[in-house]
Amino acid sequence: MKFGSGKSATYMSGGTSDSATDLRSFLGEGTDISGEVKFTEIMRVDALISGTIISDHGSLLVMERGRIKATIKAGTVEVSGIVEGTITAKTSVRIHPTGRVYGDIFTPTLIIEQGALFDGKCHMVDGKEKTPVEAPSPVSGKGSKSVD
């Protein structure tokens, strides 16, 4: 990802930078936002956000100093700070060792690294729909949309 001076930095999960993963938004420490935040590509958060965070396919990076009390809907979410609220991610959610998530997660892929904390329920979704993956019913053998 790139930001500011044009110098490259690596993506939190260790990938390399290219034009498709350029950092477009940065909310720095000392910033306090309440309301709805929308972004398109990659947003790095070192701030406090309460409310709603929305992106159709973008990546939300909650850094170690980031604190979010919100409903999150994004393409991918990586947490190194604290998130309180529901996370819905079309691709994946990764909780890094310093990350803390308190709330439910809806995603096809969940990665919890050693040392991370997750207190909530994970609902595995297929990425195309926002409903749980169909599981065979033990009685009828047909799929069921309920996972609870």
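Taken together, the values in this text are just the output of simple stated rules run on the coordinates, not laboratory data. All figures in this text were calculated on a predicted structure; none of them were measured in a lab. Counting neighbours? That spans all protein chains shown, and the Cβs are built from the backbone with ideal geometry, glycine included.
Listing for the model above:
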{"quantity": "Sorted by Cβ neighbour density within 10 Å, fewest at the top, the residues ARG44, ARG65", "calculated": "ARG65, ARG44"}
{"quantity": "Cα-based shape type of the range 37-77, given that a ≥ b ≥ c are square roots of the gyration tensor eigenvalues and the cut on a/c is 1.5", "calculated": "oblate"}
{"quantity": "Chain lengthening between LEU117 and THR40 when straightened (0.36 nm per residue, less Cα-Cα)", "calculated": "25.0 nm"}
{"quantity": "Shape category assigned to the range 19-127 from the gyration tensor of Cα positions, a/c cut at 1.5", "calculated": "rounded"}
{"quantity": "Size of electric dipole in the range 19-127: Cβ of Lys, Arg +1 and of Asp, Glu -1, about Cα centre, debye, nearest 20", "calculated": "80 debye"}
